[in-house]
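Each remark here refers to the structure printed beneath this line.
The values are calculated or read from the model by the stated rules, or taken from the named source; none is laboratory data. Quick caveat, the model's predicted, so the values are computed rather than measured. Counting neighbours? That spans all protein chains shown, and the Cβs are built from the backbone with ideal geometry, glycine included.
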Amino acid sequence: MSVKPSSYYRGRYIRHQPLSFCPGCGNGVILNCFARAVDNLGLDQDRLLCVSGIGCSAWIPNPHFNSDTLHTTHGRALAFATGAKVFNSGLTVVVFTGDGDGAGIGGNHLIHAARRNIGITTILVNNLSYAMTGGQIAPTTFHGSRTITSPYGNPENPFDLCKLVAAAGATYVARWTAYHVVELTRSMEEAIENRGFSFIEVFSPCPTRQRRLFGFRNPIHEVPSKIMEMLDESSYIRRRTKEDYCYVVPKSSPEKVLKAVEEELKYRNLEADVKLVDHIKRGAVLRIDCANLEELKSVKDLLSELAEAREVVSALEGKIELGTLVQEKRPEFTETLRELIKTAGGA
């Protein structure tokens, strides 16, 4: 990971103007990671094209990043990017899109870009709603989540975008959060170097809309750090996570259930660390860390019978899996297309 000062990246890669993101937005973090990835790879900014559609994530490259950019119509970023890449295959093309822009109105372009395996890197910023237009349900909003268009809970199930794009044929697929900045930067480097369609989903904080989505009642200035902590707590990096803990989903007040659990563990002479945390799918829950797996089994058996516990879930149940999920090789679209043109006697 580069140790150059922030002033270096601002001077070289960021246009000097006011930042257009809300306080606590993850888009600034993603822009920072992208600038570092571009610098680490030594990319020629004159051969780099950033394409975006409509939404908050579209502002990551345009107007902030100092390279050629196309700010296109809603959901059509990949269509424009495909045209640019086919016309000039020597370009490094990176698309920035959101979960509404890229998976909703632009979802068809997403699966066909993956199917073709065209040499484009797509960074999809997932904030779990149509955030810029008010916080409506998006194709990635969790089942049961409350938004302005689902005040009683979302009746729909969300896309798993990484599985969708992998099934469509992408040759590089990864998922990270705005909390995991080192891993995200390295993943961007791998994605850009991949000869084919690359896709990175980034779960990102949006305090302006997620305050409602997650039911936070904290003062607004506390919400950004709370969401970041939740992203860390609610995700795991594949093959790197211990499982000697569990969660208790409370029936009533979390603070009341916390006290009941602590008293029960003390009465049964079981040692475990209990604390309240925020879970992205379950809300405020109790995390119980144990010294070993044998002790964890005893604790889970005890807590499953506790009247105040709605359910007891294992460490990884309902969490977001992070990491590189697909990395393979197959023919890239523009290379195959140019071979066909030669065969047909074209220029």
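List of remarks:
- Test for N62: is it buried (at least 19 other Cβ atoms within 10 Å of the Cβ), within 17 Å of D101 (Cα to Cα) and touching a residue at least 12 places away in the same chain (Cβ under 8 Å): no
- Scan the stretch 128-167 for residues that are polar (S, T, N, Q) and in contact with a helix residue (DSSP H, G or I) (Cβ under 7 Å, 6 or more places away or on another chain) and the total you get is 4.
- With respect to being more than 30 Å from G119 (Cα to Cα) and free of Cβ contacts under 8 Å to residues at least 40 places away in the same chain, S314 falls outside the description.
- Considering only residues in the stretch 240-259 that are over 30 Å from the mean Cα position of the chain (by Cα), in contact (Cβ under 8 Å) with a residue 40 or more places away in the chain and surrounded by fewer than 18 Cβ atoms within 10 Å (Cβ to Cβ), the one that is farthest from V313 (Cα to Cα) turns out to be K256.
Results for (1) under 25 Å from I60 (Cβ atoms); (2) among the hydroxyl-bearing types (S, T, Y), shown as yes or no for each residue.
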{"residue": "E190", "(1), (2)": "yes, no"}
{"residue": "P207", "(1), (2)": "yes, no"}
{"residue": "I220", "(1), (2)": "yes, no"}
{"residue": "R238", "(1), (2)": "no, no"}
{"residue": "Y245", "(1), (2)": "no, yes"}
{"residue": "P250", "(1), (2)": "no, no"}
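- Restricting the stretch 297-340 to residues that are among the aliphatic types (A, V, I, L, M) and under 27 Å from the mean Cα position of the chain (by Cα), the residue that is surrounded by the most Cβ atoms within 10 Å (Cβ to Cβ) is L322.
- In the stretch 47-74, the residues that are assigned to a helix (DSSP H, G or I) and at pLDDT 95 or above: R47
- Residues in the stretch 143-185 that are more than 30 Å from E328 (Cβ to Cβ) and assigned to a loop (DSSP other than H, G, I, E, B): H143, G144, S145, R146, I148, T149, P151, Y152, G153, N154, P155, E156.
- Filtering E229, E201 for residues that are at pLDDT 90 or above, outside the structural domain of V285 (by TED's automatic domain parsing), crowded, with 22+ Cβ neighbours inside 10 Å and charged (D, E, K, R) leaves a single hit, E201.
- Check on Q45, of a type outside the set (G, A, S), farther than 25 Å from T334 by Cβ and out of contact with any Phe, Trp or Tyr (no Cβ under 6 Å at 6 or more places or on another chain): no
- Filter result (among the polar types (S, T, N, Q), touching a residue at least 40 places away in the same chain (Cβ under 8 Å) and either part of a helix (DSSP H, G or I) or surrounded by 24 or more Cβ atoms within 10 Å (Cβ to Cβ) (or both)) within the stretch 85-119: T97, N117
- Just one of the listed residues (T122, T140, T133) is assigned by TED's automatic domain parsing to the domain that holds D44 and either among the small types (G, A, S) or not in a loop (DSSP other than H, G, I, E, B) (or both), and it is T122.
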